[in-house]
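Here's the structure, in structure tokens; my notes come after.
The values are calculated or read from the model by the stated rules, or taken from the named source; none is laboratory data. Worth saying up front: this structure is predicted, and the values here are computed from it rather than measured. All Cβ positions, even for glycine, are placed from backbone atoms using ideal geometry, and neighbour counts span all protein chains on display. For the accessible areas, the whole protein counts, side chains as well, though only heavy atoms, and no ligand, DNA or RNA atoms are used. Shrake-Rupley method; radii C 1.70, N 1.55, O 1.52, S 1.80 Å.
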Amino acid sequence: MNRWIRAAGLAAATAFAASGTAAAQNLTMAVGAPVTSLDPHYHQLSPNNAVADMIFDKLVNTDAQARLIPGLATEWRAVEPGLWEFKLRPGVRFHNGSEFTAEDVAFTFQRVPNVPNSPSSFAIYTRPIRGVEIVDSHTIRLRTDGPYPLMPMGLSNVRILDRETHQNATTEDFNSGKAAIGTGPWRVVSHRNGDRIEFERNDTYWGERPAFQRVDYRMITNDAARTAALLAGDVEFIDQVPTSDLAKLRRDQRVALSETTGLRIIYIGLDHLRTDASPFITDNDGKPIPRNPLKDLRVRRALSLAIDRQAIVSRVMEGAATPAGQFLPEGIYSHVPSLPAPRPDPEAAKKLLAEAGFPNGFRIQLNSPNDRYINDARIAQAVGQMWTRIGVRTAVEAQPWTTFVGRAGKQEFSAFLIGWGSNPEGSHPLRNLVATYDREKGWGASNRGRYSNPELDRMIEAALKEMDDAKREKLLQDAQRLAMEDVAIIPLHIQTNIWAMRRGLTHTPRADELTRAQDIRPAPAR
């Protein structure tokens, strides 16, 4: 069974050079993925969500194990089927001094689905709300079309804004820092897009007081440079520790590691949109194939069976992942016990290709980011080699995330490597990744391959209305099994989240992999 949480501190002998009172008040940290926006409703992306958690608050928070805990709401209950009530925390103020009330919650829910040009909308979490009733300044009721058990879970993804401050605020206003005003533990001092964000502690924060006065939150997307910055003492904390550096860092007495099995699945998305020619698929002579091979289940299964997931985990990820055949890791609600990672079977894959009319295979391009996920481009190269061995001659094109994600969102690719960090509940990846794209419902917001299966949609709908946890889990498990049997996506592995820091610091590792300054503190004196 996979470990759920393991925090390993290495014995310390030598401290990094800088220390003292000033250093103790400041924290310099480096993250491996760029933050694309400070607008908390613009783009469902883990780096953005991590920073949003520093600036803003949600009604419902999650702890390190992704369990629901009170946030701006102190309690919640289903008053009746289709009606949820949330009691709001009194005495909370925004960074600009505005009082937090139910009016702000109502405004936030109205804004979420209306953010222009959102590449991955948060509307999926607010769409079920059909009516908002403000009972008093600190009580709000949310009406849905019938039972909706996931309301608290959904609202753990929605950061609350100030109605007065943010009434006409644009995404650009947030990115400039002008509108980056929340109730969270940190205030934004400055933001240099793609480079760094400077924060100062919010000393009036309602929750636990952060340990540091100021935070320099840097974006260093090059793995080697990020590790080098830690070892040189230029930064004190890094995330996305390169697997190639793990052995070295474990031996370094100046360094401590923090680890947990995560909720991020790395997978291959496929072009389900086109029935005719797919843009990056040709025959072996380089001529377009009139029909999209990926619409044939036998081809999709062949591509999955060609992949040796354990080899990728051991050789590319150096053990810092778990082979996957579904969305969620073992031990999480709605994980499917009878759905293991597929074993590689190249001969069976070749037979399936022949049955589908491709005895000699075809050519395909696999697109991937090269700066977003741990070893992303290397994983894509490994998959490409495995596909080539069964006759699907694969060219890999890796590019920066900011370019890649825009193209993926426009359905430009035939096959692409990407990741998804889930809530600890199966409807989250199902609704976002494989439900039929529906802007009005907020479904399929990150379904970049445009997979569509009406039977699966009906199963998800049924689960979303089932208030009994055990019955809902069975429905979600059945839906996930259907999605995987139909190869809606090709799961590869679930990442192990690993952070590294200088001796003298301690960190609470999070299953959702968010890298937040409030989770770092000076280590207790020995």
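Values as computed for the structure displayed
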read-out	value
Neighbours by Cβ (under 8 Å, 6+ apart or cross-chain): first from region 114-134, more than 13 Å from G442 (Cα to Cα); second open to solvent by less than 30 Å² (accessible area, probe 1.4 Å) and not in a strand (DSSP E or B)	P116/T171; N117/T171; V132/V105; V132/A106; V132/F109; I134/A102; I134/A106
When residues of region 443-462 are limited to those that are part of a loop (DSSP other than H, G, I, E, B) and of a type outside the set (D, E, K, R), the one surrounded by the most Cβ atoms within 10 Å (Cβ to Cβ)	G449
Selection count, region 210-237, where residues are open to solvent by less than 60 Å² (accessible area, probe 1.4 Å) and either hydrophobic (A, V, I, L, M, F, W, C) or in a loop (DSSP other than H, G, I, E, B) (or both)	17
Selection within region 79-119 - small (G, A, S) and at pLDDT below 95	G82, S118
Conditions (1) assigned to a loop (DSSP other than H, G, I, E, B); (2) surrounded by fewer than 21 Cβ atoms within 10 Å (Cβ to Cβ); (3) touching a helix residue (DSSP H, G or I) at 6+ places or on another chain (Cβ under 6 Å); number of the one not met by A488	(2)
Residue identified as free of Cβ contacts under 8 Å to residues at least 12 places away in the same chain and touching a strand residue (DSSP E or B) at 6+ places or on another chain (Cβ under 9 Å) among P288, P329	P288
Every residue from region 192-208 that is more than 24 Å from the chain's Cα centre (by Cα) and either closer than 17 Å to G32 by Cβ or in contact (Cβ under 8 Å) with a residue 12 or more places away in the chain (or both)	E200, R201, N202, T204, Y205, W206, G207, E208
Selection status of W387, touching a Pro at 6+ places or on another chain (Cβ under 6 Å), in contact (Cβ under 8 Å) with a residue 24 or more places away in the chain, open to solvent by less than 10 Å² (accessible area, probe 1.4 Å) and under 24 Å from T322 (Cβ atoms)	no
Residue tally, condition surrounded by 15 or more Cβ atoms within 10 Å (Cβ to Cβ) and without any contact (Cβ under 8 Å) to a residue 60 or more places away in the chain, over region 463-473	1
In region 256-292, the residues that are among the β-branched types (V, I, T) and either within 22 Å of the chain's Cα centre (by Cα) or at pLDDT below 95 (or both)	T260, T261, I265, I266, I268
Neighbours by Cβ (under 7 Å, 6+ apart or cross-chain): first from region 164-180, charged (D, E, K, R); second part of a loop (DSSP other than H, G, I, E, B) and surrounded by 15 or more Cβ atoms within 10 Å (Cβ to Cβ)	E164/S98; D173/A179
Within region 268-280, tally of residues that are surrounded by fewer than 22 Cβ atoms within 10 Å (Cβ to Cβ) and of a type outside the set (D, E)	6
Single residue of region 127-155 satisfying the filter (part of a loop (DSSP other than H, G, I, E, B) and modelled with pLDDT of 95 or more) that is farthest from Q44 (Cα to Cα)	S137
Residue match in region 409-430 (condition: among the polar types (S, T, N, Q) and under 21 Å from I364 (Cα atoms))	yes
Residue within region 168-175 that is under 15 Å from F122 (Cα atoms) and surrounded by 21 or more Cβ atoms within 10 Å (Cβ to Cβ) present	no
All positions within region 180-209 that are over 23 Å from Q240 (Cβ atoms), surrounded by fewer than 19 Cβ atoms within 10 Å (Cβ to Cβ) and of a type in the set (S, T, N, Q)	S190, T204
